[in-house]
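Peer 1: Starting off with a structure, shown below.
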Amino acid sequence: MTHLDDRGLRAVARVRSVREQDSRIGLQQAVAQVRETTSALVVLEEQLESGVEALGVARGSLADFRALQLGVDALNRRVHESRSSLLAAEVVARAARDRWAADHSRLRAVETLLANRALERRREAARAEARELDDVAGRGWLRGRRAATERARSSRHSSGGAA
């Protein structure tokens, strides 16, 4: 049940919900980027390790050795670039996680406030109903009391007139 007093707060909740959803999507993308970059780095490191092992057992001409060495150097540069990319992706993911946490917290604060307001309105309605029921019961008791008094008077008048 929505309450007219909460329209503005509900609008704030909708905006914060959209922000929280956007930041959650951003976080998911950032985490996916970290995973992809990590996987690529693992592959490059395995290739570099294989290349280094090949250098250790290389046979053939000096030109073949030099070509293998240049390939290993290129792989080494790609590994360093991939590590830098991973560090950057991790920084972005941490920032995205912080942004999402802040947006999530703000949304929960508004939702909690709305829930507390609704709870207070329900409590106030219950108190009003209890007051009304007490009033109805009190009037019923008074009617019963008056009726009993009237019956007592009537029985006194009817018995007093016969004596």
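The values are calculated or read from the model by the stated rules, or taken from the named source; none is laboratory data. Only a predicted model underlies this, so the values are computations on that prediction, with no experimental measurement involved. Glycine gets a Cβ as well: all are built from the backbone with ideal geometry, and neighbour counts include every protein chain shown. Side chains are part of the model used for accessible areas, which takes the heavy atoms of the whole protein and leaves out ligands, DNA and RNA. Shrake-Rupley method; radii C 1.70, N 1.55, O 1.52, S 1.80 Å.
Peer 1: Lys/Arg Cβ at +1, Asp/Glu Cβ at -1, dipole of the range 19-139 taken about the Cα centre: which of Leu55, Ala118, Gly26 is farthest positive-ward?
Peer 2: Farthest towards the positive end: Ala118.
Peer 1: Separate question: Would you work out the charge dipole size for the chain about its Cα centre, treating the Cβ of every Lys and Arg as +1 and the Cβ of every Asp and Glu as -1, and quote it to the nearest 20 debye?
Peer 2: For this selection, approximately 1860 debye.
Peer 1: Let me ask something additional. Mind checking the dipole of the range 25-119: about its Cα centre, +1 per Lys or Arg Cβ, -1 per Asp or Glu Cβ, Debye to the nearest 20?
Peer 2: It comes to approximately 480 debye.
Peer 1: If you don't mind, another one. What percent do you get for the relative contact order of the range 29-163 when only Cα pairs under 8 Å and 6+ apart count?
Peer 2: Relative contact order for the range 29-163 comes out at 28 percent.
Peer 1: Using Cα atoms only, what is the angle between the long axis of helix 7-56 and the major principal axis of the chain, expressed in degrees (0 to 90) to the nearest 10?
Peer 2: 20
Peer 1: Match the structure shown to one of the listed values (1) 67, 47, 31; (2) 147, 31, 16; (3) 42, 32, 26 of Cα extents along the principal axes in Å, computed from it, and give that label.
Peer 2: (2)
Peer 1: Which one of Arg122, Arg77, Arg59 has the biggest mean-square fluctuation once the chain is modelled by GNM with Cα springs under 10 Å?
Peer 2: Sorting by GNM fluctuation, first place goes to Arg59.
Peer 1: Please give the net charge around Arg127, taking every other residue with its beta carbon less than 15 angstrom from that of Arg127, where Lys and Arg add +1 and Asp and Glu add -1.
Peer 2: Taking every other residue near Arg127 into account, the sum is -2.
Peer 1: What number comes out for accessible area per residue over the chain if the probe is 1.4 Å? Units Å², please.
Peer 2: Ligands and nucleic acids excluded, the result is 74 Å² per residue.
Peer 1: So what's the back-of-envelope 222 nm ellipticity for the chain, counting only DSSP H runs of four-plus at -39500 (n - 2.57) apiece and dividing by all residues, rounded to 500?
Peer 2: For the chain, the value works out to -35500 deg cm²/dmol.
Peer 1: Using the Cα centre of the range 93-137 as the reference point, and only Cβ charges (+1 on K/R, -1 on D/E), how large is the resulting charge dipole? Debye, rounded to the nearest 20.
Peer 2: Its charge dipole is roughly 500 debye.
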